[in-house]
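Peer 1: Below you'll find the structure I mean.
What follows draws every value from the coordinates through simple rules; no lab data is involved. From a predicted model like this one, the values you see are computed outputs, not experimental measurements. Cβ atoms come from the backbone with ideal geometry, glycine included; neighbour counts cover every protein chain shown.
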Ligand code: ATP
């Protein structure tokens, strides 16, 4: 579990993530390799002062993929939920933003991940002096302020149109990447990632399941489907042994195609 606002190196591995190949490549080039091989980037004079804005429907792996990036790079990961930060530090969110960037610098290399970033980057009014304007301005100042020193800033949103365009310039959240609902291959790969440590019967065809009734499923829906199939199997097991207290041989505990079908129905 990620505790909001705390820094840790997450334990998510790349094989926990299904699909998102394009995004993986981008993040490897802009975050993982610069952390691991800074001298190459320096030799080329590569500019790394940029952040990413990931947008798209909820539950498609935006947070998950950054945790895998942080894990591979051995970097700290700080997770912030925009709306919560706004509410928690009413009237003091400017200072909170400043402190946050300071904290990220002290535990660098660090990935500073803002979920629901649109709450912190509202379009500024003409006057420029309301509370939200001051917050936006402070955030912009932090994004621009001096060297990033191995702090990688990522924003995620389901509402990119609500982000003030000033945030989308190079050097700020300059790399804008759409993270869509997975296609059939992506869905199969997400199912496999979520099922890999589970006792799935070899007859289960996850590719076929991905094509069956999951057309509009997000990654989160697919993870939930695996959980549901497991619970269907557990229930069936208990029905077969009748008495919950009897300890039985667990070698027969596998998840079969029928369990997935029932979970989908
Ligand atoms: P939100 O916009 O709601 O913050 P998100 O895009 O950040 O959503 P995640 O929090 O990364 O989505 O995904 C939620 C959960 O769904 C993950 O913890 C994981 O169990 C599952 N999941 C989503 N996408 C994937 C994926 N590509 N591969 C494997 N699991 C996934």
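Peer 1: Using Cβ counts within 10 Å as a stand-in for footprinting exposure, how do 24, 187 rank, fewest first? Display every interim value, and only then the final one.
Peer 2: Values: 24 17, 187 27.
Lowest count first: 24, 187.
Peer 1: Let me have the relative contact order for the range 1-72, percent, based on Cα pairs under 8 Å that are six or more residues apart. It would help to have the intermediate numbers written out before the result.
Peer 2: Numbers: 38 pairs, mean separation 46.6, N = 72.
Computed over the range 1-72, the figure is 65 percent.
Peer 1: Counting other beta carbons within 10 Å of each residue's own, what order do 21, 115 fall into, fewest first? Let's see the in-between values first.
Peer 2: On the way: 21 12, 115 23.
The most exposed by this proxy come first: 21, 115.
Peer 1: Ok, one more. Report relative contact order for the chain in percent, whole number only (criteria: Cα-Cα under 8 Å, sequence separation at least 6). Intermediate results must be reported in sequence, preceding the final value.
Peer 2: Values: 420 pairs, mean separation 62.5, N = 265.
Rounded, it is 24 percent for the chain.
Peer 1: Let me ask another. In which sequence would 259, 231 go, from the one with the fewest C-beta neighbours within 10 Å to the one with the most? Please report the intermediate quantities before stating the final value.
Peer 2: Working: 259 22, 231 13.
Result, fewest neighbours first: 231, 259.
Peer 1: Express in nm, to one decimal, how much length is gained between residue 149 and residue 11 on full extension, taking 0.36 nm for each residue of separation and deducting their alpha carbon distance. Each step should come with its number before you reach the end.
Peer 2: On the way: separation 138, 0.36 × 138 = 49.68 nm, distance 2.34 nm.
Taking residue 149 through residue 11 to full extension adds about 47.3 nm, to one decimal.
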